[in-house]
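Worksheet: the structure to be examined is printed underneath.
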Amino acid sequence: MAKRITCPSCYQQFDEGNDYCPFCGFPIHLFNFFILGKRVIYDPELIKEFNTLIEKHREIAKKRNIEPILKIETGMHTAPIRRIGIDSAERFLITGSDDKTIKVWELKTGKLIKTLRPPIGNGNEGKIYAVAISPDGRHVAGGGWTGYEWDKSHSIYIFDLNTGKLIKRLSGLPNVILHLTYSKNGRYLAAGLGGENGIRIYKTDDYSMVKEDKDYGDSVYGLDFSYGGKLATTSDDGYIRLYDENFNLIKKKKAPAGKDLFT
């Protein structure tokens, strides 16, 4: 049985192994040695940083009036499915839903393997509009109306598929995440955002952002990589855009059907 630990910020308990508190987002992985009571070399600056983060996240928890949110596992989604994804070996199917969960299914049998649960809150907070699975099936990315309630910006969540743990949070995005896709070689993750906010590109070795294009007139609902590494996007501003392997824009063409391009 997994060891239960208590978040020093919001005091909620959860299984050891999470990098971030699933209730308030506190970066547990940075301070495991304090939280788990392990002896370390005394470092005043590190302890100061730890205490500062605790105060910050306690304020977040106070504003959110955090209480445990009970969820019943039904074995299926209980709200519309917004996106799906499949790994390159066609082993897994992932689905993201307005019910605020990401589910992983065995593609051949349709059997539910596990449910991934991002941090959730009241109203729209936690609704998943976009999901993607890395080609090797190791990571699942999910986003939507995610993180705004406490950060006043949106986040992409990265899960380890094997453990089901939330391992990374790509924060600071100015609007909801509408589409996510991994490159065919798994080196990059592309995100399409709502409003006039364009796209973001992350390299997957550390999930740092390597490129962005904000020159869009409306939301980005469609993203896809070619096997050669080029990226194509569609937007409600009525344009189809093509980027080269370094994510430089090489062509922008008005779609013959006009606006509202979803794929």
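The values are calculated or read from the model by the stated rules, or taken from the named source; none is laboratory data. Bear in mind that the values here come from a model prediction, so they are computed numbers and not experimental data. Ideal geometry is used to build each Cβ from the backbone, glycine not excepted, and the neighbour counts take in all protein chains shown.
The condition (being under 16 Å from the mean Cα position of the chain (by Cα) and modelled with pLDDT under 95) is satisfied by just one residue among 208, 171: 171.
Determine whether residue 252 is modelled with pLDDT of 95 or more, farther than 29 Å from residue 136 by Cα and part of a strand (DSSP E or B). Yes, satisfied.
I need every pair where a residue in region 137-153 that is outside any strand (DSSP E or B) has its Cβ under 7 Å from the Cβ of a residue that is among the aromatic types (Phe, Trp, Tyr), sequence separation at least 6 or different chains. So the pair list comes out as 137/92; 146/157.
Is at least one residue of region 198-210 part of a loop (DSSP other than H, G, I, E, B), more than 19 Å from residue 85 (Cβ to Cβ) and touching an Asp or Glu at 6+ places or on another chain (Cβ under 8 Å)? Within region 198-210, one or more residues are part of a loop (DSSP other than H, G, I, E, B), more than 19 Å from residue 85 (Cβ to Cβ) and touching an Asp or Glu at 6+ places or on another chain (Cβ under 8 Å).
If the condition is being basic (Lys, Arg) and within 14 Å of the chain's Cα centre (by Cα), then region 184-202 contributes only 200.
Going through (1) at pLDDT below 95; (2) assigned to a strand (DSSP E or B); (3) among the polar types (S, T, N, Q) one by one, residue 181 falls short only on (1).
Among the residues of region 228-244, just one is at pLDDT 95 or above, in a loop (DSSP other than H, G, I, E, B) and in contact with a Ser or Thr (Cβ under 9 Å, 6 or more places away or on another chain), namely 229.
Listed here are the residues, each with its yes/no results for (1) within 13 Å of the chain's Cα centre (by Cα); (2) under 19 Å from residue 166 (Cβ atoms); (3) among the hydrophobic types (A, V, I, L, M, F, W, C).
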site	(1), (2), (3)
102	yes, yes, yes
105	no, no, yes
137	no, yes, no
144	yes, yes, no
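In region 155-184, the qualifying residues are those that are charged (D, E, K, R) and in contact (Cβ under 8 Å) with a residue 60 or more places away in the chain, and the one that is farthest from residue 214 (Cα to Cα) is 165.
For region 158-178, what are the residues that are closer than 16 Å to residue 146 by Cα and assigned to a loop (DSSP other than H, G, I, E, B)? 174, 175, 176 - these are the residues of region 158-178 that are closer than 16 Å to residue 146 by Cα and assigned to a loop (DSSP other than H, G, I, E, B).
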